[in-house]
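One structure below.
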Amino acid sequence: MLRSPILHRTAIVILITMHSSIAASDPPKANYDEQQVPAYSLPELLIDSSGRRMETPHDWQVRRRPEILKLFESHVYGRSPRPPKLEFELKSEASDALEGSAIRKEVAIHLLPRASGVVLNLLLYLPKSERPAPVFLGLNFWGNQSIHADQAITLTDAWTRNDKELGIENNRANEATRACESERWQVEQVLKRGFGVATMYYGDIDPDFDDGFTNGVHSLYPQTAGEQREPDAWGSIAAWAWGLSRAMDYLETDPLVDSKRVAVWGHSRLGKTALWAAAQDNRFALAISNNSGCGGAALSRRLFGETVERINTNFPHWFCRNFRQYNGKEGELPVDQHMLVALIAPRPVYIASAAEDLWADPRGEFLAAKAAAPVYELLLGAGSAGLPEDMPPIDKSVGERIGYHIRTGKHDVTAYDWQQYLNFADRHLTDNK
């Protein structure tokens, strides 16, 4: 996904690879001028399709929330199927990982029948503790070996995007990918704070290219592949979110994990994924969106940075086919992204932006957080979201049940981001036993 004004290396590779899928006539040039943001009105959060206002938490949970969830399924991400039966296989375990400071596990999640060949490989680092540990769960971009230099992590053998800088050829990862994302994961720092880390390679779930939905977990549901797909059949973001829930299925069985305290998080397209996973699966106790932009935490109607038309043109496999009918017609969408944030309520959610990441529309991400606040206040009381009226200054974390910051820098995940996420999790997950 193209980023402006500073381009992240991964984004450049993806854009070049996907160039052949871009239509002959590109969408209009991206807008980065606040003065050019059109007037817009957001869909009502607390008024249902019959015109009835939601007055109580019961109204929201029973009437409006299911309605909004279905709208996102039908018009944006697509409907996800029920999972098949699963088998969990412990592939490796070490009680002396990271110089004796952690427990490392590698678990294969087999989606049955095994003959399908679809396996989700979960890596866990857990602090040594007498009690089950809370965990940050997220997907990674280059394979589990990419999050840390630990030589014991199995190198992925799944399809991986070619990358000249990392020397990846023939779509297979190599040793140069080991620890290439370690700055984004801060494993030791997370462990020191008493949290575990769990991750899977997103390509295990669904390789990130447009093949007509015949590979990855989509292959288990051939009725949703090819030309026979329904217009609301699940896209790749829905598949990645579905995979996060399969990881959660395992975490519920691990005695070393406190499955009531699992935070789901993600960066960029995987930030979109984390929000959609938390919206659908109430088992996630907390959600974190890092620079998720269009289709994630940013309001679509602002037409700032990446737009619905641009994202559907560059990445037609990410969303359901119905989403394309809103190319250049964002005002006709029956939802906007503040409603996605609201679906996570009353659970805590944290949204992070970066000052140089205009493509992801930092202001639109903050405004979506603000616009979701009425649901938190309905469920938890006035002021529960805790956000200020205006965007905070750069490098200042704000909010209570909805957290937000915009930090110095570009489209990435930094140590500063992790400091805020850990502080937020300390406040909200410590007593959630």
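Structure notes:
- Rounded to the nearest 20, the Cβ-based charge dipole of the chain about its Cα centre (Lys and Arg +1, Asp and Glu -1) stands at 600 debye.
- Heavy atoms of Arg63: accessible area, 1.4 Å probe, square angstrom to 10: 90
- For the stretch 373-428 and the stretch 194-253, distance of Cα centres in Å: 29
- Set Lys164/Lys272; Lys128/Lys260; Lys70/Lys396; Lys85/Lys260; Lys260/Lys370; Lys105/Lys260 screened for pairs whose C-alpha atoms are more than 24 Å apart: Lys164/Lys272; Lys70/Lys396; Lys260/Lys370
- Quotient of the Cα radius of gyration of the stretch 170-246 and 2.2 N^0.38 Å, N being its number of residues: 1.41.
- Signed unit charges on C-beta, dipole axis of the chain, positive-most listed residue Leu123, Ile168, Ala152: Leu123
- Measuring with a 1.4 angstrom probe and ignoring ligands and nucleic acids, Asp281 comes out at about 20 Å² accessible.
- Reachable aspartates and glutamates from Lys91, criterion Cα separation under 13 angstrom, eight or more residues apart if same chain: Glu106
- Accessible surface comparison of Asp417, Asp249, probe 1.4 Å, protein chains only, largest first: the order is Asp249, Asp417.
- Loop-located GluC sites (Glu not before Pro) in the stretch 84-185 (DSSP state not H, G, I, E or B) with no more than 16 neighbouring Cβ atoms inside 10 Å: Glu130, Glu165.
- For the chain, the solvent-accessible area works out to 39 Å² per residue, with a probe of 1.4 Å and every protein chain left in place.
- Efficiency of FRET from Cβ geometry, Ala149 and Ile394, R₀ 30 Å, rounded to 0.05: 0.45
- Among the GluC sites (Glu not before Pro) found in the stretch 316-394, those both in a DSSP coil and sparsely packed, with 13 or fewer other Cβ atoms within 10 Å of their Cβ, are Glu389.
- Efficiency of FRET from Cβ geometry, Asn174 and Lys329, R₀ 45 Å, rounded to 0.05: 0.55
- As a calculated quantity, the FRET efficiency between Lys29 and Glu99 at R0 = 60 Å, using C-beta atoms, amounts to about 0.70.
- Under a 5 Å amide H cut-off, with hydrogens placed 1.01 Å from N, Trp318 pairs with Ser236 among residues at least 5 apart or on other chains.
- Using a probe of 1.4 Å, the accessible surface attributed to Cys180 totals some 40 Å² when neighbouring protein chains are kept in position.
- Residue-averaged [θ]222 nm for the chain, counting only DSSP H segments that reach four residues, each worth -39500 (n - 2.57): -7500 deg cm²/dmol
- Amide hydrogen proximity for Asp258: with H placed 1.01 Å from N in the peptide plane, the residues at 5 or more positions away or on another chain lying under 5 Å are Ala133.
- Dipole magnitude (debye, nearest 20) for the stretch 51-181, charges at Cβ of Lys, Arg, Asp, Glu: 900
- For the stretch 202-213, putting each phi into the Karplus relation 6.51 cos²θ - 1.76 cosθ + 1.60 with θ = phi - 60° gives couplings of 5, x, 5, 7, 7, x, 8, 8, 8, 10, x, 6 Hz, in residue order, rounded to whole numbers and with x for Gly and Pro.
- The share of accessible area on the chain that comes from carbon and sulfur is 49 percent, using a 1.4 angstrom probe.
- For the stretch 215-311: rounded, prolate or oblate by the Cα gyration tensor [a/c cutoff 1.5]: oblate
- Close amide H contacts of Arg79 (hydrogens built in the peptide plane, cut-off under 5 Å, sequence separation of 5 or more or a different chain): Ala233, Trp234.
- Cα gyration tensor shape of the stretch 73-121, rounded if a/c is under 1.5, else prolate or oblate by comparing a/b with b/c: oblate
- Packing-based ranking of 229-238, 204-213 yields 229-238, 204-213, ordered from highest to lowest mean Cβ neighbour count within 10 Å.
- Whole-Å semi-axes of the ellipsoid equivalent to the stretch 119-241 (Cα gyration tensor, √5λ, descending): 29, 19, 10
- Dipole moment magnitude, nearest 20 debye, the stretch 40-113 about Cα centre, only Lys, Arg, Asp, Glu C-beta charged: 420
The values are calculated or read from the model by the stated rules, or taken from the named source; none is laboratory data. Note that the structure is a prediction, hence the values are computed from the model and not measured. For neighbour counting, all protein chains shown are included, and Cβ atoms are generated from backbone atoms with ideal geometry for every residue, glycine included. SASA here: full protein model, heavy atoms, side chains in, ligands and nucleic acids out. Shrake-Rupley method; radii C 1.70, N 1.55, O 1.52, S 1.80 Å.
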